[in-house]
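Below is one structure; the comments refer to it alone.
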Amino acid sequence: MERHAQAQLNREAEVAALGRAIAVERRARYADFQGRRSTFSQFMRHTADRLCRRFPTDHRWTTIRGLFNQYPNLDVASRISIVRRTEELLVQSSETTLVQAAAPLPGQEPSSLAKRQPSLSAGAARHKAQATTVLPGTTALSLSHKPEGKKSGDSAVSSQESQLISAPPAKETTARDSGAHPSTIDVKFIKGVGPKNSEIFERLGIYTAWDLIRHYPRRHLDFQNRLLIRDLKEGQEVTVFGIIRSVSAFQSKKGNVSILTISIGDGTGTVTVSRFIGGRSNKYLLDRYKDQFPKGAQVLASGSVERDRYSGRLTLRNAEIELLGELGDASEEAGSLNCGRLVPVYPLTEGLSLRYLRAVIHNALAAHENNVEDPLPAELRAVHNLCPLKEALWGIHFPEDMESKDLCRRRLVFDELFAIQLQLAIRRHRYNTAEAALVLPASDSIYLERFRKQLPFSLTSAQERVFSEIASDLASSKPMHRLVQGDVGSGKTVVAAMSLLIAIESGYQAAVMAPTEILAEQHYRQFQKWLTPLGLRCALFLGKQGAKERRQVQQDLLAGQVHVAVGTHALIQDDVEFARLGLIVIDEQHRFGVKQRARLKAKGYNPELLTMTATPIPRTLALTLHGDLDVSEIDELPPGRKKVETKLLSASGKKQLYAFVREEVASGRQVYIVFPLIEESETLSAKAATAEYEKLRLSIFPELSLGLMHGKLKAAEKEAVMEQFRKG
């Protein structure tokens with residue numbers, strides 16, 4: 001009785017902790033608040049997971065755990081919905097806890113409890129078992145096809161594995177008996193797993209039967225088509241059946257690595273397989289490694305045929321070896337899951353073997369194939385030539401041949417991509433229906449008219465088209481989420497500046513965020529040059545700013561005296577607040593995450609969002625990655641701009657490149673060279689700007705004037721270098 005009461009008290013404490021976390025997240029404006037040890041979503045997920053294990057029949061905790069799986073990658077509106085749904089489930093949990101507390105414990109009289117809680121039965125009637133919530137982008141899958149069972153002659157599978165494969169499914173849980181979806185079944189209830197082994201599976205992110213079923217193989221070994229060793233040819237991917245003739249192991253003199261060499265023969269020849277084991281080894285460890293491959297054992301080995309350049313013998317590179325048993329007490333075709341077929345190879349962790357994992361995955365498929373449904377109707381499957389989901393799940397793990405494996409994989413890939421598109425479609429729908437968008441009309445804009453007159457050039461037709469699309473979005477009652485693509489020099493910045501003016505004329509402020517300080521400073525100077533003559537003020541926010549300077553621009557921004565805030569990630573810090581943020585422009589948007597964009601957006605009341613990128617993204621990929629964004633492309637360069645030509649030179653082409661640089665400089669042009677690193681790194685082999693600058697300045701171009709520019713320079717040094725470059 002005391003244990004039961006203590007369990008209820010513990011659950012109430014956990015529920016209270018979840019409620020407090022939600023309150024903190026609300027105050028943080030749904031930014032996935034970072035605590036001392038974890039983020040908000042991690043805390044919610046881990047707490048719900050503990051409650052799942054403690055109360056396996058209460059599906060609410062499984063639902064909450066699933067809700068927070070994608071929380072860090074969602075927009076603010078989706079996060080708000082998840083938090084609200086979680087609160088509903090927590091309220092139901094609290095009421096159910098009270099109902100259970102009102103129920104008589106062993107040794108108690110029902111009447112005394114009823115007196116303390118007379119009206120709880122009505123609440124219990126209102127809150128029966130909750131159905132599992134499926135997030136947008138997830139799919140419910142079903143299984144039906146079963147691979148052939150173990151042949152009567154198979155005997156090399158261990159007794160434990162044989163029992164796992166052939167024994168009829170046991171009735172472990174009520175949830176399974178009632179046809180519960182495998183996502184609600186803890187992995188420990190799969191036959192052959194248990195509580196102890198479930199902790200090993202958790203290291204692979206496998207918590208439920210559904211996670212186990214979707215732990216797909218990374219490849220398959222073809223143990224069907226075997227060749228004699230005498231018929232092997234270099235370069236072939238083969239499987240050979242033979243007997244271990246000898247095993248040797250030694251510690252390499254160079255480096256901390258032990259080398260294990262296994263010689264396999266089939267009567268027609270021998271082939272060797274080498275295993276490399278990291279770390280220092282002694283005689284006893286080497287003997288343990290050798291004992292794993294006993295002499296005389298029958299094996300199947302699969303790998304790529306090569307010839308050893310020292311001994312001249314045939315070897316199998318990257319070989320996988322399956323032990324079939326000792327000579328004389330195991331048949332050649334032992335183990336229907338482990339040989340004589342296409343055998344799956346899974347990602348593993350310490351404590352799991354391939355043979356054991358194949359067996360428990362087979363058990364999970366067999367036990368739960370009737371508890372899920374195919375989400376795709378037969379008509380849609382027919383249009384896209386897709387196999388049923390149950391067949392795909394069996395076929396991806398235990399296919400009959402390579403062709404059927406590829407068909408099954410195609411179905412599962414389709415499901416994943418289709419789920420992404422559904423999730424993005426739902427996100428767009430929420431944007432258009434749930435958010436109260438700002439209306440920023442562009443008609444009769446005085447700022448725009450004055451800005452166009454001061455420009456020393458005319459906009460291209462592509463720029464006009466894209467700006468028209470942006471202006472239409474801003475004037476609409478639906479929120480704008482637009483991505484502008486365009487090559488460097490196509491004129492994205494001037495289009496962004498015109499968009500800022502629309503927001504400013506409507507009485508709002510704008511924010512421009514760039515991924516690097518150099519790019520942010522470049523934007524700041526450009527916007528200052530364009531907007532200052534219009535009587536508008538820009539401010540720069542960088543992480544390196546001094547406390548006094550930063551405090552002043554923060555005060556001016558909050559007071560509404562700054563119209564455009566330009567900066568790096570410093571803009572999303574908690575101490576940066578806007579008076580009326582109406583428009584956000586993000587340059588090189590692929591350099592920012594969903595959470596970072598959401599944090600900036602949370603600083604205003606549903607501000608409009610415009611993102612830009614110079615990275616060429618094919619439209620199909622853009623729709624996949626940015627399906628929640630409308631895509632506009634500036635596909636026309638301004639007059640006088642030449643098309644960019646890209647050429648790839650080999651190492652031997654450097655002299656040709658250096659000669660080209662000298663020719664361009666001699667004709668009055670300038671050159672800039674970009675390197676991936678600032679300083680040399682011990683872990684990366686990429687070239688560093690500082691070292692290459694000295695090499696170019698002293699050895700290759702001593703007659704030319706070179707400058708060095710990188711993000712670690714002081715502001716004055718960077719400005720001096722850029723000014724020298726501008727002046728030629």
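Given Lys492/Lys712; Lys295/Lys390; Lys478/Lys544; Lys254/Lys647; Lys695/Lys727; Lys188/Lys390, which pairs have Cα atoms separated by over 31 Å?
Check vs 31 Å cut-off fails for Lys295/Lys390; Lys478/Lys544; Lys254/Lys647.
Of all the Cα-Cα pairs you can form in region 486-541, what percent are over 18 Å apart?
The calculated P(r) of region 486-541 puts 31 percent of pairs beyond 18 Å.
What does the highest-first list of 200-208, 302-310, 411-419 look like by mean Cβ count within 10 Å?
200-208, 411-419, 302-310
Provide Arg580, Arg280, Arg537 ordered by accessible surface of protein heavy atoms (probe 1.4 Å), highest first.
Of Arg580, Arg280, Arg537, the descending order of accessible area is Arg280, Arg580, Arg537.
Ignoring ligands, DNA and RNA, what accessible area per residue does region 550-636 give at 1.4 Å, in Å²?
42
With a 1.4 Å probe and every protein chain left in place, work out the accessible area per residue of region 374-433 in Å², rounded to a whole number.
Solvent-accessible surface per residue comes out at 55 Å².
With every protein chain present, what accessible area does Arg20 have (1.4 Å probe, heavy atoms only), rounded to the nearest 10 Å²?
Approximately 150 Å² of Arg20 is accessible to the 1.4 Å probe.
What number results when the radius of gyration of region 504-634, computed over Cα atoms, is divided by 2.2 N^0.38 Å?
This ratio for region 504-634 stands at 1.06.
Check each of the chymotrypsin sites (Phe, Trp or Tyr not before Pro) in region 247-303 and keep only those in coil by DSSP with at most 15 other C-beta atoms within 10 angstrom; list them in order.
Sparse-neighbourhood loop chymotrypsin sites (Phe, Trp or Tyr not before Pro): none present.
Ignoring ligands, DNA and RNA, what percent of the accessible area of region 352-490 is carbon or sulfur (1.4 Å)?
53
Sort Asp556, Asp575, Asp287 from largest to smallest accessible area, using a 1.4 Å probe on the heavy atoms of the protein chains.
Putting Asp556, Asp575, Asp287 in descending order of accessible area: Asp575, Asp287, Asp556.
Where does each of 27-37, 257-267, 362-372 land if you order them by average Cβ count within 10 Å, highest first?
362-372, 257-267, 27-37
Less than 14 Å Cβ to Cβ from Ile470, Lys/Arg counted +1 and Asp/Glu -1: what total charge do the surrounding residues give?
-2
Please enumerate, by chain and number, the aspartates and glutamates with C-alpha under 13 Å from the C-alpha of Lys714, excluding those fewer than 8 residues away in the same chain.
The reachable aspartates and glutamates, counting only those whose Cα sits under 13 Å from Lys714, are Glu517, Glu521.
Given a 1.4 Å probe and heavy atoms of the protein chains only, how would you sort Glu703, Glu391, Glu664, largest accessible area at the top?
Glu703, Glu391, Glu664
What is the ratio of the Cα radius of gyration of region 420-516 to 2.2 N^0.38 Å, with N the residue count, to two decimals?
Working it through for region 420-516, the quotient is 1.19.
Within 9 Å, Cβ to Cβ, of Thr268, how many net charges do the neighbouring residues add up to if Lys/Arg are +1 and Asp/Glu are -1?
Every neighbour counted, the sum reads -1.
What lysines could a cross-link reach from Lys595, if we take a straight Cα to Cα line under 18 Å and drop same-chain neighbours fewer than 8 places away?
Partners found: Lys603.
Please quote Rg/Rh for region 430-484 to two decimal places, taking the Kirkwood radius as Rh and restricting both calculations to Cα atoms.
Ratio of gyration radius to Kirkwood radius for region 430-484: 1.05.
Highest mean first, what order results for 598-610, 558-570 on Cβ atoms within 10 Å?
Result, highest mean Cβ count within 10 Å first: 598-610, 558-570.
Please give every one of the aspartates and glutamates within straight-line cross-link reach of Lys283, meaning a C-alpha to C-alpha distance under 16 Å, and leave out same-chain neighbours fewer than 8 residues apart.
Asp291
The values are calculated or read from the model by the stated rules, or taken from the named source; none is laboratory data. Small disclaimer: the values here were computed from a predicted structure and weren't measured. Cβ: placed from backbone, ideal geometry, glycine included. Neighbour counts: every protein chain shown. Please note that ligands, DNA and RNA were not included when accessible areas were found on the heavy atoms of the full protein model with its side chains. Shrake-Rupley method; radii C 1.70, N 1.55, O 1.52, S 1.80 Å.
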